[in-house]
Amino acid sequence: MVEKIISLLEERDLNSRELLKKIDIESELLDITIADMMNKGIIIETNKKRYKLVSKTSLKKGIVHEKKNGSVVVEVDNDEIYILNKDKISNRDIVLVDIDSRYGNNDKIYGKVVKILERYNPNIVCEVIKRNDKHYAIYEDNLLTLYGDNLDELTSGYMVLLKRDTDSNNAKVLEVIGHKDAIDMSIT
């Protein structure tokens, strides 16, 4: 269904009623699909209550990066767009940004975030690995070095809630959940 909506919007912008006429689908299911497509940054709703493909706009989808000098950029296709409205976004959020051509008397590209598509959550659950009195965890093929106040009680096999540090392979132990082999342990 998503492919059909994309195909129809390639031709022109459409509203919900027009989409319902062209696709044999229930109104509720169309609404859910459209909401999902908007949340993923595939389409946007225009001021005229029509849906438009993001690829047919000046909007770009990218990842927020905070630089050491305090500036915030969105990385899009190996370009850095310097963000003018950085108060509601966080490092590693996925956003839609609109290029603002009014700024930039240098080689920098400037833009404004128009929508946050996905918030970065640095909290993860991992299994502890203890080696040579050091505590580690493996997450997405990365070896994380653990730190925190409650490491003394941890041995290999404990499950912990971690907060990953930005731009490093360190993580703080926020909470000890329990040992993975405990009878009442179940993580979903």
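The values are calculated or read from the model by the stated rules, or taken from the named source; none is laboratory data. If you're wondering where the values come from, they're calculated on a predicted model, not measured in any experiment. So basically every Cβ, Gly included, is an ideal-geometry build from the backbone, and we count neighbours across all protein chains shown. For the accessible areas, the whole protein counts, side chains as well, though only heavy atoms, and no ligand, DNA or RNA atoms are used. Shrake-Rupley method; radii C 1.70, N 1.55, O 1.52, S 1.80 Å.
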| query | Applying the selection to the stretch 112-155, what residues are outside any strand (DSSP E or B), more than 30 Å from Asp98 (Cα to Cα) and among the hydroxyl-bearing types (Ser, Thr, Tyr)? | reply | Thr155
| remark: Picking from Asp87, Asp98, the residue that is open to solvent by 40 Å² or more (accessible area, probe 1.4 Å) and assigned to a loop (DSSP other than H, G, I, E, B) would be Asp87
| said: For a quick check of your reading of the model, give me the residue pairs whose first member lies in the stretch 159-179 and is among the charged types (D, E, K, R), whose second is not in a strand (DSSP E or B), with beta-carbon atoms closer than 7 Å and at least 6 apart or on different chains. | reply: Lys163/Pro122; Arg164/Pro122; Lys172/Gly148
| said: Step by step: first the residues of the stretch 123-142, then only those that are under 22 Å from the mean Cα position of the chain (by Cα) and of a type in the set (A, V, I, L, M, F, W, C), then the one that is surrounded by the fewest Cβ atoms within 10 Å (Cβ to Cβ). Which residue is that? | reply: Ile138
| request: Determine whether Leu161 is at pLDDT 90 or above, open to solvent by less than 70 Å² (accessible area, probe 1.4 Å) and not in a loop (DSSP other than H, G, I, E, B). | output: yes
| said: Suppose we keep only residues that are part of a loop (DSSP other than H, G, I, E, B) and among the hydroxyl-bearing types (Ser, Thr, Tyr) within the stretch 49-84. Which one would you say is most open to solvent (accessible area, probe 1.4 Å)? | reply: Ser58
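So that you can scan it fast, the table gives a plain yes or no per residue for (1) assigned to a helix (DSSP H, G or I); (2) touching a Phe, Trp or Tyr at 6+ places or on another chain (Cβ under 8 Å); (3) closer than 24 Å to Val114 by Cα; (4) not small (Gly, Ala, Ser):
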position: Lys4; (1), (2), (3), (4): yes, no, no, yes
position: Leu9; (1), (2), (3), (4): yes, yes, yes, yes
position: Glu18; (1), (2), (3), (4): yes, no, no, yes
position: Ile25; (1), (2), (3), (4): no, no, no, yes
position: Leu29; (1), (2), (3), (4): yes, no, no, yes
position: Thr33; (1), (2), (3), (4): yes, no, yes, yes
position: Asp36; (1), (2), (3), (4): yes, no, yes, yes
position: Gly41; (1), (2), (3), (4): no, no, yes, no
position: Asn47; (1), (2), (3), (4): no, no, yes, yes
| field | Residue among Tyr120, Tyr147 that alone is of a type in the set (Phe, Trp, Tyr) and open to solvent by less than 90 Å² (accessible area, probe 1.4 Å) | value | Tyr120
| request: Determine which single condition Ile6 fails, assuming it passes every other condition in (1) exposed (fewer than 13 other Cβ atoms within 10 Å of the Cβ); (2) closer than 29 Å to Asn121 by Cβ; (3) touching a helix residue (DSSP H, G or I) at 6+ places or on another chain (Cβ under 9 Å). | output: (1)
